[in-house]
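Working notes for the structure below.
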2 protein chains.
Amino acid sequence: MEIEPIAYFRSPLSGKFGLPRQAGLASELEGYVEFCPRFRREEALRGLEGFDYLWLIWGFHLNAGSPSQLTVRPPRLGGNKKIGVFASRSPFRPNGLGLSSVRIEEVAPERALLRVSGADLADGTPIYDIKPYVAYADAHPEARSGFVDSSTWESLESVETSLCPSEAKLWDCFSEKDRAAIKELILQDPRPAYHSDSTREYHIVYKDKDLSFRIQGSKATIISIKAI
Amino acid sequence: MEIEPIAYFRSPLSGKFGLPRQAGLASELEGYVEFCPRFRREEALRGLEGFDYLWLIWGFHLNAGSPSQLTVRPPRLGGNKKIGVFASRSPFRPNGLGLSSVRIEEVAPERALLRVSGADLADGTPIYDIKPYVAYADAHPEARSGFVDSSTWESLESVETSLCPSEAKLWDCFSEKDRAAIKELILQDPRPAYHSDSTREYHIVYKDKDLSFRIQGSKATIISIKAI
């Protein structure tokens, strides 16, 4: 079956590193849906105002190629235990489709505007379908979630900045919302599970800035911000 | 993007009429996932035992053709109000992808067996992806669900049988589970919203039997069962 993008996601995050590991983890992170011309019409979104969440079905475009392996090693299990691909949300899957429920922040059908928060999609991700979240059919709050229940992420405790004056200005130029989103993204501890080198520098590209940070114990420090 | 079925759904229901209007509405209705040979392997399902629900991403194969209209008329609104396609779960959508959360009844990776309940997929539906249901990311029980919240389905009150002796035997040959599923399907009132003719006969094909029934007020009566 041939499917075509109906839209592309626009996010402050363009790379894979630092992306939330699942939808909803970074609730401050906002993005929007940029519709392809054919769907950029008032009619297409009519009625979506009454919903709090929607589903995005999208393509793992940063993980090209159809993998032949039927197992994956979820980062949550330390990367050393194999799980069936259909028991995991891994991007490495037979058909590279992602699924995310995101919160609707603003919908203005007459401008074809759809702004959402909590997405785990990188900038430029192709979107193949949008469906409203229907609680009676989609919400199972008591559902057991396998290895996801029993192996929690260790979040960090704090994110501080230690910047030279000129870079501190760049930090201050971010909106309050952006600063909160960046801190939330780093607090999730985006490092691979097996990393614990406190001298190592990690990079997140957020909007047009490259931020680098280090992590020592449960504290992260943003040490540099550069315009790119 | 080209996607290929990884499996096909096997349901007692083969037609569109009588299918639950959404996943979870007919909890007694069981079906199973028949994997394509490449994925009929123990590894693919390993770890799914720990989950209660899973997502199926599937194709609306009974609604062929890519519709050019951006609005749909949901049956729930009586079929006379137009809603944007992205504000609805209608099968008539740009990319014909369906999304359903179903309960896992039995998973036996070593036999590539996956039995589920509550699916709204017809027999033979192609499945493009299976993902575990992860409550922390997928469950939003308090989410407002637009027109779905404010316009409830009228369920019927009872389903009885009025059959000649030979057809009553056919009814008795169904398992208790099958009889419960059939009653549940009819109780949902599968008629189009604008039908109210109590002499009209409706048909559901369940497994290898054609059942016909009539509805008067809030009572349904199964009046005939024929082997097909």
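Scan the stretch B:22-47 for residues that are facing another protein chain (nearest Cβ under 7 Å) and over 17 Å from B:Pro126 (Cβ atoms) and report the count.
7
Across the stretch A:147-192, what is the total count of residues that are farther than 17 Å from A:Phe213 by Cα, aliphatic (A, V, I, L, M) and out of contact with any strand residue (DSSP E or B) (no Cβ under 9 Å at 6 or more places or on another chain)?
0
Please list, ordered by first then second residue, the pairs with beta carbon atoms under 6 Å, 6 or more apart or interchain, first in the stretch A:129-150 and more than 7 Å from chain B (Cβ to nearest Cβ), second among the acidic types (Asp, Glu) and crowded, with 20+ Cβ neighbours inside 10 Å.
none
Within the stretch A:14-34, how many residues turn out to be of a type outside the set (Ser, Thr, Tyr) and surrounded by fewer than 21 Cβ atoms within 10 Å (Cβ to Cβ)?
8
For the stretch A:155-184, give me each residue that is of a type in the set (Ser, Thr, Tyr), farther than 19 Å from A:Ala220 by Cα and either in contact (Cβ under 8 Å) with a residue 60 or more places away in the chain or part of a helix (DSSP H, G or I) (or both). Quick ask: steps written out before the conclusion?
So the first thing to find is which residues in the stretch A:155-184 are of a type in the set (Ser, Thr, Tyr), and the list is A:155, A:158, A:161-162, A:166, A:175.
Keeping just the survivors that are farther than 19 Å from A:Ala220 by Cα gives A:166, A:175.
If the condition is that a residue be of a type in the set (Ser, Thr, Tyr), farther than 19 Å from A:Ala220 by Cα and either in contact (Cβ under 8 Å) with a residue 60 or more places away in the chain or part of a helix (DSSP H, G or I) (or both), then A:Ser166 is the only one that fits.
From (1) in contact with a Pro (Cβ under 8 Å, 6 or more places away or on another chain); (2) surrounded by 14 or more Cβ atoms within 10 Å (Cβ to Cβ), pick out the condition that doesn't hold for B:Pro192.
Just one mismatch for B:Pro192, condition (2).
Here is a check on your reading of the model: is B:Ala44 in contact with a strand residue (DSSP E or B) (Cβ under 6 Å, 6 or more places away or on another chain), aliphatic (A, V, I, L, M) and either touching a residue at least 60 places away in the same chain (Cβ under 8 Å) or surrounded by fewer than 19 Cβ atoms within 10 Å (Cβ to Cβ) (or both)?
Values: in contact with a strand residue (DSSP E or B) (Cβ under 6 Å, 6 or more places away or on another chain): yes; aliphatic (A, V, I, L, M): yes; either touching a residue at least 60 places away in the same chain (Cβ under 8 Å) or surrounded by fewer than 19 Cβ atoms within 10 Å (Cβ to Cβ) (or both): yes.
Judged against the criteria, B:Ala44 is a match.
Which residues, taken from the stretch B:62-82, are facing another protein chain (nearest Cβ under 10 Å), modelled with pLDDT under 90 and either over 19 Å from A:Ala44 (Cβ atoms) or crowded, with 18+ Cβ neighbours inside 10 Å (or both)?
B:Pro74, B:Leu77, listed by residue number.
Buried (at least 16 other Cβ atoms within 10 Å of the Cβ), facing another protein chain (nearest Cβ under 9 Å), among the β-branched types (Val, Ile, Thr) and closer than 30 Å to B:Cys36 by Cα: does that describe A:Val85?
Taking the combined requirement at face value, the residue satisfies it.
Tally time: how many residues in the stretch B:145-197 are touching a Phe, Trp or Tyr at 6+ places or on another chain (Cβ under 7 Å), within 20 Å of B:Pro74 (Cα to Cα) and modelled with pLDDT of 95 or more?
Number satisfying all stated conditions: 1.
Quick one: count up the residues across the stretch B:120-146 that are of a type outside the set (D, E, K, R), closer than 22 Å to B:Gly18 by Cα and either over 19 Å from the mean Cα position of the chain (by Cα) or buried (at least 18 other Cβ atoms within 10 Å of the Cβ) (or both).
Here the count works out to 5.
Those residues that are of a type in the set (Asp, Glu) and more than 19 Å from B:Leu45 (Cα to Cα), I need them from the stretch B:99-125; list them, please.
B:Asp120, B:Asp123
Does the stretch B:118-154 hold any residues that are among the polar types (S, T, N, Q) and in a loop (DSSP other than H, G, I, E, B), and which are they?
Once the filter is applied, which keeps residues that are among the polar types (S, T, N, Q) and in a loop (DSSP other than H, G, I, E, B), the stretch B:118-154 yields B:Thr125, B:Ser151, B:Thr152.
Determine which single condition A:Tyr8 fails, assuming it passes every other condition in (1) of a type in the set (Ser, Thr, Tyr); (2) surrounded by 16 or more Cβ atoms within 10 Å (Cβ to Cβ); (3) at pLDDT below 95.
For A:Tyr8, the exception is condition (3).
The values are calculated or read from the model by the stated rules, or taken from the named source; none is laboratory data. These numbers come from a predicted model, not from an experiment. Cβ coordinates were reconstructed from backbone atoms using ideal geometry, including for glycine residues, and neighbour counts include every protein chain displayed.
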